[in-house]
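Heads up, the thing below is written out as structure tokens.
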Amino acid sequence: MIKKLFNWLWKGNADENIEQKEYESKAGMVEESGEEQEQEELDTVSDKLEENQGASSKIQESKEAVEPISFKINETETGYLSPDALQIDGASYIEGMDDYEWIFQIEKKDFEALLKLLKRTNDLSEDVPTELMNYLKENGTKVSEIRDLCKDNDIKHYFQNWM
């Protein structure tokens, strides 16, 4: 039996079989490598899509997550300055009378016109929203005054009150 094996090896049959097995093994590796390459490319594309969706979600969240700046204007009114608007909430609670509450809003595009009227000047800083907020705080400006200026000068605004 050993003699037959030696003869067989000697004739080169073993080499052919070994070469065939190596070829099949390498062919399988190439196939697997190609499949792995494809999978890596798919994974990369998938990762990029997830990153883009994540970035888009973060942008949306950051837009939604901007908290307005809250500031006290006077004893009955509080302002809320957001990137898009100024809102002023007010309330009067006098004993023996019905409670009186109100809300005033103006869009950012109208801040400059309102501030020019309040300050009676065209000379404003580049940061109009902050300048408007500071003016209201420093002067204790009441919504009734702001509302009258808006009405008299056709500045779009919102005002609602209730008892």
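All of the numbers you see were taken from the coordinates with simple rules; none came from a lab. Note that this is a predicted model, so its numbers are computed, not measured. We place every Cβ from the backbone using ideal geometry, glycine too, and count neighbours over all the protein chains shown.
Couplings for the range 105-110, taken from phi via the Karplus curve 6.51 cos²θ - 1.76 cosθ + 1.60 with θ = phi - 60°, read 9, 9, 7, 4, 4, 9 Hz in order; Gly and Pro are left as x.
Using the C-alpha atoms of the range 69-162, what convex hull volume per residue, in cubic angstrom, is computed?
On the way: hull volume 8.9 nm³, N = 94.
Roughly 95 Å³ of hull volume per residue.
Across the range 122-129, computed HN-Hα scalar couplings (Karplus, 6.51 cos²θ - 1.76 cosθ + 1.60, θ = phi - 60°) run 9, 8, 10, 6, 6, 9, 4, x Hz from first to last residue, x flagging Gly and Pro.
Placing dummy labels 7 Å off each Cα toward the beta-carbon, the span from residue 153 to residue 127 is 2.2 nm.
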